[in-house]
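Novice: This is the structure I have questions about; it appears just below.
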Amino acid sequence: LLHTKIPEGLKRLPGPKPFPIIGNVLDVSSNPHLSLTAMSQRYGPVFQIQIGTRPVVVLSGSQTVKQALVKQGDEFSGRPDLYSFRFINDGKSLTFSTDQAGVWRARRKLALSALRSFSTIQGSSSEYSCVLEEHISNEGEYLVKRLSTVMEAGGSFDPFRHIVVSVANVICGMCFGRRYSHDDQELLSIVNMSHEFNQVAGTANPADFITFLQYLPSRTMKAFVDINGRFTRFVQKLVREHYISYDKNNICDITHSLIDHCEDRKLDENSNTQVSDEKIVGIVNDLFGAGFDTVSTFLSWAVMYLVAYPEIQEKLYQELRENVGMDRRPRLSDRSNLPFLEAFIMEIFRHSSFLPFTIPHCTTKDTSLNGFFIPKDTCVFVNQWQINHDPTVWKEPFTFSIERFLNADGTELDKLEAEKVVTFGLGKRRCIGEAIARSQVFLFLAILLQRLRFHELPRHPLDMTPEYGLTMKHKRCQMCSSPRS
Ligand code: HEM
């Protein structure tokens, strides 16, 4: 960008001066969400850094981000060709690959429609509004039992270890029509792998931009490649089984419905076949991958916040007692009657901003933003953490306060405030699992809160420091729960 000719009427992007070879790598540091937020205060909501020799545009501030991702959505909807992304789903991921716009759009549409159909169909009993509610409710019940058993046997538990299996089972139910036991070693080895994945896939990983780093031996990179291979093989095995059991008249999960889509296409002479069968059925890889780590990271943070703020935990419990009672499990339809819980969830999304950046974007043509010129194929980072901690938008942004999302008399969620939080991205690449994710975090939390009280393990204070990555996690820890009577 430094040497690009700027079209008349447009300005050159501001930003820190890069060093030769490494660019601004040292300025970005190990916590890019913090360093790039600090830089936005100096250079404004659109600025440029260089990682290695590659220019990157960084966006902050909700107006600027909306302008780019929503109003100029098509121009900012690409994905950059990053080294680590080539290992995810064999380079064929819907989320991370550099698919042409037409292919990405067709796959995204299919993924959205599959998710919608297999979350909203009727469950096995009229007790549930839909099959998604049934899956979450049953997995929530198993989770309560599991945590209680582990507590009795060992006196404490690692929350992420158990939550991740329950959440994975919800998405497994929709994608593959099956669930796994909490002791299934194969599933555990897949879902407990996220540390290295998150480190490497996190925004601003130097090895993605500085070519020579890709040739240096790296234990983390080796683990990343290994995890992706294991994950792909796990899903491929399930897909093979689904090809064998495929029956056109009995389509009851997402994998079967994607296979069915491919079969229908073969019979239709006019069908558009620019997307291969492999890329269609491979959508299930993205849904499963994106579906368990995000939601379980959120829920694991949520129990940490419950322990850290016991007075909020009591308030949430009292709200549940009064509005749901203790005689039945909470339901999705209780949401509008539980404003504290809704506000608690919003404040965790904002305060933790555990997805500090969206997945990197890339410009699809020469464009401009706020009067600055940005050429085609420029990598773009979108700083969600900055938007959620912007002192011009949020009063005391570092204070954890659920009241900021409640109306004046504290009886309703303030929807306008809630809409200011950005966690699922915006515009064309916005998360397609948002509705499912919001249902899961609400219902799992309501079930846990109704049945258990979470507290610290004596002499083991919680460490809430996030570890930077694609999703930021708290350090693995031990905590306790006791049953609510
Ligand atoms: C993309 C957040 C749960 C599927 C994304 C993006 C974010 C995000 C920030 C990137 C947006 C961008 O690049 O601009 C979250 C959060 C979740 C969550 C915070 C949970 C709390 C889910 C679930 C699913 C899912 C449950 C599927 C079942 C996807 C997919 C994409 C995506 C497929 C890629 C979309 C594309 O590239 O077109 N999500 N997500 N997510 N998410 Fe989610």
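Novice: Test Asp264 against the stated conditions and say whether it is of a type in the set (D, E, K, R), outside any loop (DSSP other than H, G, I, E, B) and touching a Leu at 6+ places or on another chain (Cβ under 8 Å).
Specialist: Values: of a type in the set (D, E, K, R): yes; outside any loop (DSSP other than H, G, I, E, B): yes; touching a Leu at 6+ places or on another chain (Cβ under 8 Å): no.
In short, no.
Novice: Considering only the stretch 421-440, how many residues are surrounded by 17 or more Cβ atoms within 10 Å (Cβ to Cβ) and part of a loop (DSSP other than H, G, I, E, B)? Quick ask: steps written out before the conclusion?
Specialist: Initial filter on the stretch 421-440 (surrounded by 17 or more Cβ atoms within 10 Å (Cβ to Cβ)): 421-429, 431-433, 436-440.
Still in the running and part of a loop (DSSP other than H, G, I, E, B): 421-426, 431-433.
Here the count works out to 9.
Novice: Given the structure, is Phe454 in a strand (DSSP E or B), farther than 25 Å from Leu94 by Cα and either at pLDDT 95 or above or within 16 Å of the ligand (Cβ to nearest atom) (or both)?
Specialist: Details: in a strand (DSSP E or B): yes; farther than 25 Å from Leu94 by Cα: yes; either at pLDDT 95 or above or within 16 Å of the ligand (Cβ to nearest atom) (or both): yes.
Answer is yes for this residue.
Novice: Taking only pairs six or more apart or across chains, which ones have beta-carbon atoms under 8 Å, a first residue in the stretch 412-435 that is more than 7 Å from the ligand (Cβ to nearest atom), and a second residue that is part of a strand (DSSP E or B) and not acidic (Asp, Glu)?
Specialist: Glu412/Leu406; Leu413/Leu406; Asp414/Leu406
Novice: Something else now. So, restricting to helices (runs of 4 or more DSSP H) that lie completely within the stretch 8-108, which ones have at least 3 residues that are surrounded by fewer than 16 Cβ atoms within 10 Å (Cβ to Cβ)? Steps first, answer last, please.
Specialist: Details: elements: 25-28, 32-43, 62-66.
Qualifying helices (runs of 4 or more DSSP H): 32-43.
Novice: Here is a list of conditions, (1) among the aliphatic types (A, V, I, L, M); (2) in contact (Cβ under 8 Å) with a residue 60 or more places away in the chain; (3) over 21 Å from Phe197 (Cα atoms), and Ile259 meets all of them except one; can you say which number that is?
Specialist: Evaluating Ile259 over (1) among the aliphatic types (A, V, I, L, M); (2) in contact (Cβ under 8 Å) with a residue 60 or more places away in the chain; (3) over 21 Å from Phe197 (Cα atoms) leaves (2) as the failure.
Novice: Is there any pair linking a residue in the stretch 438-455 that is touching a residue at least 40 places away in the same chain (Cβ under 8 Å) to one that is in a helix (DSSP H, G or I) and of a type in the set (S, T, N, Q), with Cβ under 8 Å and at least six apart or on different chains, and which?
Specialist: Ser439/Ser119; Leu443/Ser137; Phe444/Ser166; Ile447/Ser137; Leu449/Gln313; Leu452/Ser148; Arg453/Gln313; Phe454/Gln313
Novice: Which one of these is among the hydroxyl-bearing types (Ser, Thr, Tyr), over 20 Å from the mean Cα position of the chain (by Cα) and more than 13 Å from the ligand (Cβ to nearest atom): Ser35, Ser60, Ser84?
Specialist: Exactly one residue qualifies, and that residue is Ser35.
Let's see how each residue does on (1) modelled with pLDDT of 95 or more; (2) buried (at least 23 other Cβ atoms within 10 Å of the Cβ); (3) not aromatic (Phe, Trp, Tyr):
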{"position": "Tyr142", "(1), (2), (3)": "yes, no, no"}
{"position": "Lys145", "(1), (2), (3)": "yes, no, yes"}
{"position": "Ser148", "(1), (2), (3)": "yes, no, yes"}
{"position": "Glu186", "(1), (2), (3)": "no, no, yes"}
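Novice: With the checklist (1) in contact (Cβ under 8 Å) with a residue 40 or more places away in the chain; (2) under 27 Å from Phe157 (Cα atoms) in hand, flag the one item Val281 doesn't pass.
Specialist: All conditions are met except number (2).
Novice: Scan the stretch 248-300 for residues that are at pLDDT below 90, within 13 Å of the ligand (Cβ to nearest atom) and more than 15 Å from the chain's Cα centre (by Cα) and report the count.
Specialist: Residues flagged as at pLDDT below 90, within 13 Å of the ligand (Cβ to nearest atom) and more than 15 Å from the chain's Cα centre (by Cα) within the stretch 248-300 amount to 1.
The values are calculated or read from the model by the stated rules, or taken from the named source; none is laboratory data. Treat the numbers as computed from the prediction; the structure is a model and nothing was measured. We place every Cβ from the backbone using ideal geometry, glycine too, and count neighbours over all the protein chains shown.
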